Amino acid sequence: MHLIQVDSVQRWMEDLKLMTDCECMCILQSKPISIEKDEQNELILSSQYSTCDNLQLLLKRAWIISTELTRIAQKLEKNRWQRVHSMTVRVNCHVRSMINEHNTFTRSSSEELHQLEKLLVDKCSEFTAFTERCLQTEDEEILKSMKSCVNETLTTVAQYFGQLIELVLTQEAQNLLRQIELSGSLYITESAISSLFSLAQEGAHLCRIIAKEGGVVALFKICRQDFFRCLYPQTLRTLASICCVEEGMHQLEKVDGILCLADILTDTSHSEATHAEAAAVIAQITSPHLTFTQHLSSFLENMEEIVTALVKLCQEASSGEVFLLASAALANITFFDTMACEILLQLNAVKILLAACSDKCIVDTPYSRDQVVTILANMSVLDQCASEIIQGNGVQLLMEMLFEKSSSGNASEAAACERVQQKSAVTLARLSRDPEVADAAVKLSCIPRLIKLCRSPTERNNSDSVLVACLAALRRLAVMSPGGLEDSDFQQLVKPRLVDSFLLCTNMEESFV
């Protein structure tokens with residue numbers, strides 16, 4: 001109870017600085033009380049907050065205004081004029097405070113920004129006056145006719161507000177990038193990159209703004225200068241964030257970013273942290289979830305060097321985090337191009353990955369095991385992979401992965417466990433075309449475990465994808481070892497069409513197991 005109270009108080013204290021007494025603000029119109037002390041006040045405020053803090057304050061204020069505008073639209077729909085007016089007054093105050101705060105912390109603003117600020121403030125004042133007139137009118141017909149005008153004004157306010165925020169964020173990105181490009185100071189450059197990273201964490205839209213303003217170009221320029229070598233990890237981490245959007249990927253291609261990443265990964269003089277962050281960028285740009293990786297033609301030219309360096313990083317990883325980043329990059333590359341699987345086979349990657357899995361300090365989470373089993377699943381399409389799996393005791397590992405369970409109950413971790421179960425079943429199904437693998441799987445009691453996963457929804461966390469993969473693996477093993485199933489299991493899980501067995505298992509209650 002004490003912790004809850006402390007958290008509530010802290011949250012209230014954070015929100016307090018964003019709250020304004022509406023009546024006082026309407027009277028003062030956000031004007032400074034003392035003209036003579038403006039310069040001194042500006043210095044005091046500027047010294048208290050960094051650029052990153054100012055941006056966070058701006059974004060939080062913008063979120064409040066955006067939320068209020070949405071709520072006004074909802075109340076307007078219900079003709080709750082009293083609420084509409086009070087919320088309009090509140091938005092008016094927040095807009096003025098936001099502009100006032102931004103101008104206090106910003107040394108110079110463009111004429112375009114000042115014009116937008118004036119347009120927004122004027123429109124907010126007009127909006128407040130409009131809703132006040134509506135509040136004083138009781139005639140339903142007049143209110144009905146005024147409603148469309150109020151809606152139109154609300155739309156205009158939202159439009160001006162969106163344009164203002166876009167311009168402010170663009171100028172902030174430009175200022176940070178100017179610091180990165182022009183400063184020869186490690187401290188200033190590090191501070192600017194840190195602020196840029198914080199900005200990129202606010203979402204895809206901000207990443208697009210940074211990319212359009214040349215963020216990827218500026219950051220790769222840093223990665224090509226030995227003077228900034230100590231900033232490489234931080235710079236690469238920022239690049240990984242920005243390259244989640246198409247604009248970032250296009251910029252990466254234009255500046256030969258793949259070649260730069262390959263050089264960093266293959267340069268043994270770089271720290272493990274630098275190699276790990278470079279692997280994170282590779283993992284990001286090759287993500288199978290992205291639909292705009294087709295233009296990465298230069299990646300194929302450097303793929304063998306990159307894959308070799310990533311396998312080495314997996315083998316020499318000193319921590320679970322480093323292994324996760326390197327294995328994630330490898331897993332994505334195996335989706336990106338099938339030639340990667342052949343390269344991995346030549347590099348004895350199966351042996352290295354299986355050995356890593358036996359070290360609980362390196363492969364220590366379901367997320368890491370997810371990457372390993374993804375690589376094995378994609379490599380299992382190659383005939384030569386089966387013998388590598390057998391030699392490395394890989395069937396035993398796949399069997400263990402069928403028991404993957406979340407220990408924390410966290411939704412993200414539970415989803416990772418489902419992926420591990422699904423992919424291990426898929427890998428078993430593919431590899432079991434080899435009689436030696438199928439025989440090893442049967443001896444390790446894989447069939448009873450697959451049956452359990454099919455029949456018990458809680459064992460697979462009610463996942464349909466795990467069910468389908470287990471049914472496929474079970475059917476492949478049943479062909480190789482028909483004596484391993486009871487007749488009821490064969491009749492329900494193997495003999496019918498896959499879709500019929502699937503429907504049967506999804507309708508099963510726990511009490512039937």
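Extending 7 Å from Cα along the Cβ direction at GLN225 and again at ASP337 yields two label points whose distance is 3.2 nm.
Give the residue list of trypsin sites (Lys or Arg not before Pro) in segment 60-139 that are DSSP loop and have at most 16 other beta-carbon atoms within 10 angstrom.
Details: sites: LYS60, ARG61, ARG71, LYS75, LYS78, ARG80, ARG83, ARG90, ARG96, ARG107, LYS118, LYS123, ARG133; in loops: LYS78, ARG80, ARG107.
Filter output for segment 60-139: LYS78, ARG80, ARG107.
Note that the chain, at 37 °C in a medium of 0.692 mPa s, gets a Stokes-Einstein diffusion coefficient of 121 µm²/s from its Kirkwood radius over C-alpha pairs. Remark: segment 49-169 carries a charge dipole of roughly 400 debye about the Cα centre, counting +1 on each Lys and Arg Cβ and -1 on each Asp and Glu Cβ.
Using only alpha-carbon positions in segment 116-243, the gyration tensor eigenvalues give semi-axes of 47, 13, 10 Å once each is multiplied by 5 and square-rooted (largest first). Please report, as a whole percent, how much of the solvent-accessible surface of segment 49-169 comes from carbon and sulfur atoms (probe radius 1.4 Å). Percent of accessible area from carbon and sulfur atoms in segment 49-169: 49.
Rg then Dmax, both in Å and based on the Cα atoms of segment 49-169: 15.4, 52.
What ranking of TYR232, TYR367, TYR160 comes out by heavy-atom accessible area, probe 1.4 Å, highest first?
Ranking TYR232, TYR367, TYR160 by accessible area, largest first, yields TYR367, TYR160, TYR232.
Taking a straight Cα-Cα cut-off under 20 Å and skipping sequence neighbours fewer than 8 places away in the same chain, the lysines within cross-link reach of LYS351 are LYS312, LYS360, LYS423. With contributions of -39500 (n - 2.57) from each DSSP H run of at least four residues, the per-residue ellipticity at 222 nm computed over the chain stands at -24000 deg cm²/dmol.
Across segment 174-295, Cα-Cα distances exceeding 24 Å account for 18% of all pairs.
For the pair segment 324-338 and segment 230-252, the centres of their Cα atoms are 18 angstrom apart. Computed over protein heavy atoms with a 1.4 Å probe, the accessible surface of segment 49-169 works out to 51 Å² per residue. Placing one equal scatterer on every Cα of segment 239-330 and applying the Debye formula, the log10 ratio I(q)/I(0) at q = 0.16 Å⁻¹ is -0.58. Place +1 on the Cβ of every Lys and Arg and -1 on the Cβ of every Asp and Glu in the chain, take the dipole about the Cα centre, and give the residue among LEU116, THR170, ILE375 whose Cα lies farthest towards its positive end. In the chain, that residue is ILE375. Placing +1 on the Cβ of every Lys and Arg and -1 on the Cβ of every Asp and Glu, with nothing else charged, gives the chain a dipole about its Cα centre of roughly 840 debye. Here segment 136-200 is treated with +1 on each Lys and Arg Cβ and -1 on each Asp and Glu Cβ, and its dipole about the Cα centre works out to around 320 debye. When the Cα convex hull of segment 315-402 is projected onto planes of every orientation, the mean area is 5.0 nm². Ordered by 1.4 Å accessible area with all protein chains kept, LEU231, LEU59, LEU135 run largest first as LEU135, LEU59, LEU231. Note on segment 128-190: Rg/Rh from Cα positions, Kirkwood definition for Rh, rounded to two decimals, is 1.45.
Orientation-averaged projection of segment 359-481 equals 7.0 nm² [convex hull of Cα atoms, one quarter of hull surface area]. Lysine pair count for segment 49-169 (Cα-Cα distance under 16 Å; residues 8 or more apart in sequence or on different chains): 4. The aspartates and glutamates whose alpha-carbon is closer than 13 Å to the alpha-carbon of LYS221, local same-chain residues fewer than 8 away aside, are GLU181, ASP256.
The values are calculated or read from the model by the stated rules, or taken from the named source; none is laboratory data. Quick caveat: nothing in here was measured; it's all calculated off a predicted structure. All Cβ positions, glycine included, derive from the backbone under ideal geometry; neighbour counts span all protein chains shown. Heavy atoms of the whole protein, side chains included, go into the accessibility calculation; ligands, DNA and RNA do not. Shrake-Rupley method; radii C 1.70, N 1.55, O 1.52, S 1.80 Å.
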